[in-house]
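Participant: Can you keep this structure in mind? I'll have questions shortly.
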Amino acid sequence: MRTVVPVAPSSPVAQIEAEAWVVLEMHFLSRPYLRAEARARLAECLANLRAEGIVDARELKDRACRQVQMMYGPAPALNDDTVPVATHVA
């Protein structure tokens, strides 16, 4: 179950965000109801880090991913029965 990410993002910023989301996507597999919110938070984190003057792509991705993961805490195991399961199929 992968989210659709453009193959050729139109800007370096979009490329950095797409690569960072690939890292975070696994963190939200067991919580699909948080994906859209987490993706928006990732964009906010990247914008804030760029505003702080961080320009290195590796550092941007690393720090933004860490911040988003810290916002949501550890991901529950995929086989955890206490996690609400999405039953709606689009």
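None of the figures in this text is laboratory data; all of them are computed from the coordinates on show. None of these values were measured; they are calculated from a predicted model. Neighbour counts run over all protein chains shown; Cβ positions are idealised from the backbone, glycine included.
Participant: Assuming 0.36 nm per residue, please report the length gained on full extension of the stretch E44 to A14 beyond their Cα-Cα distance.
Facilitator: Once the chain is fully extended between E44 and A14, it gains 9.5 nm.
Participant: Related question: Quote the Stokes-Einstein diffusion coefficient, in whole µm² s⁻¹, for region 12-72, based on the Kirkwood radius over alpha carbon pairs, a temperature of 4 °C and a viscosity of 1.567 mPa s.
Facilitator: Translational D for this selection: 114 µm²/s.
Participant: What's the extension gain from V55 to Q69 if we count 0.36 nm per residue and subtract their Cα-Cα distance?
Facilitator: On the way: separation 14, 0.36 × 14 = 5.04 nm, distance 2.08 nm.
Length difference between fully extended and current span is 3.0 nm.
Participant: How much net charge surrounds E37 when only the other residues with a Cβ under 11 Å from the Cβ of E37 are counted, with Lys and Arg +1 and Asp and Glu -1? Don't jump to the answer; show the numbers that get you there.
Facilitator: Working: positive: R31, R35, R39, R41; negative: E44.
Neighbourhood net charge equals +3.
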